[in-house]
Amino acid sequence: MLRVPHPPRAHWKKLAQEYGFHFHTMYGEPYWDESAYYQFSLKQVEQDIEDPTAELHQMCLAAVDFVLDNESVLRHFAIPATAWDAVRDSWQHRDPSLYSRLDFVYDGKSPAKLLENNADTPTSLYESGFWQWLWLEQEVDAGNIPKAADQFNSLQEKLVARFKEIAYINQIDQLHFACCKDTKEDRGTVQYLQDCAREAGIENHFVYIEDIGIADTDVFTDLADRPIVDCFKLYPWEFMLREEFAEPLLEQTLGWIEPIWKAILSNKALLPVLWKLFPDHPNLLPAYFEDELSSGLSGKWIKKPLLSREGANISLIDLPTGHTQMLSEGPYGEEGFIYQQFAPVPQFGDNHTLIGSWLVDDQPAGMSIREDKQTVTQDMSRFLPHIILD
Amino acid sequence: MDATNQKRTRGIDLSKMRKSFALKPLIVGMSGVMLSACADNRTEANIYTSVEDCIDDYPSAADLCRSAYQDALTEAARTGPRFSTEYDCEYEFGPNQCRQLDTGGVFIPFMAGYMVSNLLSPKRYYTQPMYTSYSRHSPFRSRWIMADGYVFDGDIRKRKYKVREDIYKPKPTVNRTMKRGGFGSSVRAKSSWGSSSRKGSWGG
C-alpha cells in the first residue's frame, strides 16, 4: 500500500462538468483529489479487503438475526418500538438490499479493522463506481499509468445487475428515487443510482424527501401526484421513523430501498453485538455498550453516537481515568453511545487514510480511499483514486 | 491484464453517463415532459425525419403530421441547445448542422427529426424535436437525442420506441395529495446545528 504522487489530468474539471460531477469541490475545498493515488497489491486487495468484507457482511447478517430474537438487545438500538414489527417483517421477507460500505482501518500490513458499517445511506458512490474508474481508464490510455494496472471496482456493473434482480424480486419496472434538498452530493449519488437503474431497464422518477406527500388514499405521492410504491431513499431510517409521516410509513408495505431491516445493520449498536458474537475476530475492534463498560478496561476508546453521520460527535476517552477529548462536534448523541477501542487510521505524510469497502447486496464490489488532515474522517475529507499493481 | 480476472467494471457506455454537451450550451432545453408522459401511458412513439415519413404511417392524418412537425420546429427554436458560437455548435453536431437564431446571437443545431406519439388521440398528440450529431467528437454521433441531451438507445436507424405492456403490480389510486412535508424535519433540526453555510450530505 503506497501513496504515489501523480499529476492531475489537465482537463478533469471540464470533464467533471460534462459528466455532471458537481461536488468535486465542496465548501471551497477540493474533495476529488487526483494529485496522488494509492497503490495496492492484488494480494492486499483480495486477502485483506475483499475476503474480510464478504465475511464481515455475513457476520453482520447473523447479528441481525440475533438482535431481532433478543428484545433486550434490540432495545439498545434506539429504534422506536412501534417500528419493531416492521423491521422483523422486512427481515423475515428478506426484502432485498442494494448496497453498503464498510469503513476500515488498514495500513497494508495488519488485518483491516471494521470501524463501522454504512448500510443505510452510504455516499461517495459515484466517485467510487464511475469517476475513479474513468480516471484509471484515461490514465492508462494516456500511458501515464501502466497497462497492467487494475482497480478494485466492479460497483457499476454490480449495481446494474442488482437493480435487475430487485426489479424481478419486487416485480417492478419503475422506482422512485429520493434525497434531501440542498445537497449536491446526495443528489449526485442518487442521480448515479438512477443512471444504473435506467441501465437495468427500470423507469425512474425523482422526488425530494421534503416534497413527498400523502394522498387521500393514504398513499405517498411525488410532486406530480404519482403514487410512490417502490422507492430508493438516501435518507436514514432513524430519521424517517421519528417524523410526522412515520405512522403512514409503518401502515403500508412499500418496497423501500434500503429496506427497514438495514436500520439494524447501519446502527452503531451493531458493533458491540458483533464483538459479543465473534469475540477476538481479527477484523473486529473490541466494542461495548455504555452499560457494559467494566472497570477492567483500560487504554484509549472511541465514544460514538448510536446514530450519526459523517463522523460527527466522536470523543476519545482514556480508561480507567475517563479523561475525555472531543474529536468532532455535531448534533447527534441523544439516543446513546457505544465505545469502540481506538485504532488510529494510518498516516501517509500529513494524511490520515480511511478505506471504504463496498458491497452490492452481499458481494464485495470495490474500494474507495478518503484522506483527512484530521484523525476523524468527516465530510471535509478528500477522495483519492487507487490502483492495483503488483 | 487477463480480462477475465479483471477486478473493475469491464465497460461503461460513456455517452450514457454524460450529463451535458462537450461544449456547454448557453441554455439547455427541457424535454423530459414528453418522455415521462410517454412512458407513463405506455404509448408508442415514432421518430420521423420528414413530414412525408409521418404521412406514410398515417395517410389519413396528413394535416396532423404537418402540424406536429410545425409544433416541433417551434419547440426546437424555443428549447434547442444554444451555443454562443457556430464553432461550438458544430463541434458537437457536425459541420453545417447549425444555424443562427433569427433573434440573433446564439446558434442551435438543425432539427434532425421529430418524435410523435398519440397522433390520433382525441386529447392531443405529443411532439418533440429530435437531434443527432455528425461530429466525430461527439458521443451523440448517429444517435437520437433530445434537446436536454437525453440519448436514446440504438442508432438513428431505430425509429420506434415502445414501452412494454404493464404486467407489473398494480399501482394504488391517488385522487389528490392532502399534505406534504411529513419527512425531512430531522434534517431541518440537525441543520440548525453549527455553521449554516455547511450544508452537508445526510449520507455517510
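The values are calculated or read from the model by the stated rules, or taken from the named source; none is laboratory data. Keep in mind it's a predicted model, so treat the numbers as computed, not measured. Note: ideal-geometry Cβ built from the backbone for every residue, glycine included; neighbour counts use all protein chains shown.
Summary of values
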| quantity | calculated |
| --- | --- |
| Long-range neighbours under 7 Å by Cβ, at least six apart or interchain, first residue in a loop (DSSP other than H, G, I, E, B) within segment B:96-114, second among the polar types (S, T, N, Q) | B:VAL106/B:SER84; B:PHE110/B:GLN97; B:ALA112/B:THR49; B:ALA112/B:THR132 |
| Subset tally (residues that are over 21 Å from A:LEU274 (Cβ atoms) and either surrounded by 21 or more Cβ atoms within 10 Å (Cβ to Cβ) or away from chain B (no Cβ under 12 Å) (or both)) for segment A:317-331 | 9 |
| Selected residue (only one of B:ALA68, B:ALA37 is in a helix (DSSP H, G or I), at pLDDT 90 or above and of a type in the set (A, V, I, L, M)) | B:ALA68 |
| Qualifying residue in segment A:112-120 (condition: under 30 Å from A:ARG9 (Cβ atoms) and not in a loop (DSSP other than H, G, I, E, B)) | yes |
| Total residues in segment A:72-114, condition touching a helix residue (DSSP H, G or I) at 6+ places or on another chain (Cβ under 8 Å), hydrophobic (A, V, I, L, M, F, W, C) and farther than 20 Å from A:GLN363 by Cβ | 9 |
| Counted residues, segment A:310-351 - those being closer than 20 Å to A:LEU285 by Cα, in a loop (DSSP other than H, G, I, E, B) and either at pLDDT 90 or above or out of contact with any Asp or Glu (no Cβ under 6 Å at 6 or more places or on another chain) (or both) | 13 |
| Residues satisfying the stated conditions in segment A:275-307, i.e. in contact with an Asp or Glu (Cβ under 9 Å, 6 or more places away or on another chain) and part of a loop (DSSP other than H, G, I, E, B) | A:HIS281, A:ASN283, A:PRO286, A:SER298, A:LEU306, A:LEU307 |
| Per-region count, segment A:262-277, residues over 14 Å from the mean Cα position of the chain (by Cα), farther than 14 Å from A:LEU114 by Cα and touching a residue at least 60 places away in the same chain (Cβ under 8 Å) | 1 |
| Any hit, segment A:140-152, residues being surrounded by fewer than 23 Cβ atoms within 10 Å (Cβ to Cβ), outside the structural domain of A:ILE302 (by TED's automatic domain parsing) and in a strand (DSSP E or B) | yes |
| Given (1) modelled with pLDDT under 95; (2) among the polar types (S, T, N, Q); (3) touching a helix residue (DSSP H, G or I) at 6+ places or on another chain (Cβ under 7 Å), number of the condition A:ASN117 does not satisfy | (1) |
| Boolean, A:ASN118 is more than 18 Å from B:GLY11 (Cα to Cα), surrounded by 18 or more Cβ atoms within 10 Å (Cβ to Cβ) and either within 14 Å of chain B (Cβ to nearest Cβ) or under 17 Å from the mean Cα position of the chain (by Cα) (or both) | yes |
| Enumeration of residues in segment A:1-46 that are without any contact (Cβ under 8 Å) to a residue 40 or more places away in the chain, touching a Ser or Thr at 6+ places or on another chain (Cβ under 8 Å) and more than 14 Å from chain B (Cβ to nearest Cβ) | A:PRO5, A:PRO8 |
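For every residue, the table says whether it meets (1) under 18 Å from the mean Cα position of the chain (by Cα); (2) not aromatic (Phe, Trp, Tyr).
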site	(1), (2)
A:SER72	no, yes
A:ARG75	no, yes
A:ALA78	no, yes
A:ALA86	no, yes
A:ASP89	no, yes
A:ASP95	no, yes
A:SER100	yes, yes
A:ASP103	yes, yes
A:TYR106	yes, no
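Residue by residue, here is whether (1) closer than 26 Å to A:ASP69 by Cβ; (2) more than 9 Å from every other protein chain (Cβ to nearest Cβ); (3) among the acidic types (Asp, Glu) holds:
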{"residue": "A:THR221", "(1), (2), (3)": "no, no, no"}
{"residue": "A:LEU241", "(1), (2), (3)": "yes, yes, no"}
{"residue": "A:GLU244", "(1), (2), (3)": "no, no, yes"}
{"residue": "A:PRO248", "(1), (2), (3)": "no, no, no"}
{"residue": "A:LYS262", "(1), (2), (3)": "yes, yes, no"}
{"residue": "A:TRP275", "(1), (2), (3)": "yes, yes, no"}
{"residue": "A:ASN283", "(1), (2), (3)": "yes, yes, no"}
{"residue": "A:ALA287", "(1), (2), (3)": "yes, yes, no"}
{"residue": "A:LYS304", "(1), (2), (3)": "yes, yes, no"}
